[in-house]
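The values are calculated or read from the model by the stated rules, or taken from the named source; none is laboratory data. Just so it is clear, the structure is predicted and the values come from calculations on it, not from any experiment. Positions of Cβ are backbone-derived with ideal geometry, glycine not excepted, and every protein chain shown enters the neighbour counts.
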Amino acid sequence: MLFAWALLITLAAARVSHQGLQASSGPAENVHDSRSTVRGGAAQTAFLRSSKVDATLHSAEDIEWKHVKQVYCSDNWDLDHAVQAKESKADTKTCKQRCLDDRSCIGVSVTNANWGKRDPWCHLCRSAATKTHQNFDTYWKSHLSPLMIKERQLETELQDVKDIEYDMCRSPEKVDAERFKKAKNKGELQDQLRDSRSKLRAEEEKELDKLQTQKKHFEGEIEQIEYKYEKVESDSDMDPKEKRKTLQDCESRKSKNKEGKEECDARLLDLEVSLPKRLLVEEAENLEHDIDRINRLEKDLAKEKALKEKLLQKVNARRKQMGKKEEEAFWADWLNLD
């Protein structure tokens, strides 16, 4: 009887979970499991640490949100969580704040534009397990180190300096003494940014070495467990009950070590591939901004040059036609003489 009730509750939870994700805006995409962070979009979710959540709360200033489209975190999507999520009516901003206030939260899944004009709702993620769905986007919480925060602050200050330089070329009257002083510090800011990035690279190199060591440890553990599993499985003299228990223990330990290895692989991918790519993207954006600023300056200067050349032609034409009396009258008018 108890088994029957348990089965009914499980089926009801599965049905509510499925129905809660459907939207009248269109049928859901085929749902497939992408539990591992190194499968199904590794470049987007590589930074995740599903089983290691920082025990401290973080402010918005030291958090970076990684956006992954059309997936939702699926591990804790049971009946209670599904009902609670649908009743939240929380948009992306509200849900992110709730995640910041929750030590166990590593990200949020929020209804996207495909959900239509209905009230938004969200779900807090407790692990990196995801499934695809057209009505959801997920934002993973990534903690920024002090060096990364400093790097972003320096980049912002240098961007302000570029804006000041533009105003100095185009509209000098807009640049007061305080802004001019800030622009003079450009070289110092660039040195600080280079130093910050150098320290950040050294920090990342240390983490890479640490992750490589951890990965080797997990691989060694998996190899030993597999060897023990084969040995126990082939032991015909072993008590069947003890044998079954030992094999189950081996499978459990292997699964945990495999998860640890996958987390290392994911973080290594982030540091070795995604991070350099991000730096190149940022550098490309900076160069594009500089080129755009130069193009605007050239356009403005070309207009000003054309006006000056036209005025020069008029002045030269008048000078050629000007007699002595006209010249004296011109200078008298110019010098405000009676």
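What about residue 117, is it of a type in the set (D, E, K, R), farther than 30 Å from residue 195 by Cα and modelled with pLDDT under 85?
Spelling it out, it is not the case that residue 117 is of a type in the set (D, E, K, R), farther than 30 Å from residue 195 by Cα and modelled with pLDDT under 85.
Say whether the condition of being of a type in the set (Gly, Ala, Ser), in a helix (DSSP H, G or I), in the same structural domain as residue 151 (by TED's automatic domain parsing) and at negative phi is met by at least one residue in region 243-256.
Yes.
Looking at 145, 88, 171, can you tell me which residue is at pLDDT below 85, more than 30 Å from residue 286 (Cα to Cα) and hydroxyl-bearing (Ser, Thr, Tyr)?
Criteria check complete, one pass: 88.
Can you confirm whether residue 150 is surrounded by fewer than 20 Cβ atoms within 10 Å (Cβ to Cβ) and touching a helix residue (DSSP H, G or I) at 6+ places or on another chain (Cβ under 9 Å)?
yes
What tally of residues in region 132-157 results from selecting those that are part of a strand (DSSP E or B) and over 21 Å from residue 116 (Cβ atoms)?
Total satisfying the criteria: 4.
Has region 289-306 got any residue that is small (Gly, Ala, Ser) and modelled with pLDDT of 85 or more?
Yes, region 289-306 contains a residue that is small (Gly, Ala, Ser) and modelled with pLDDT of 85 or more.
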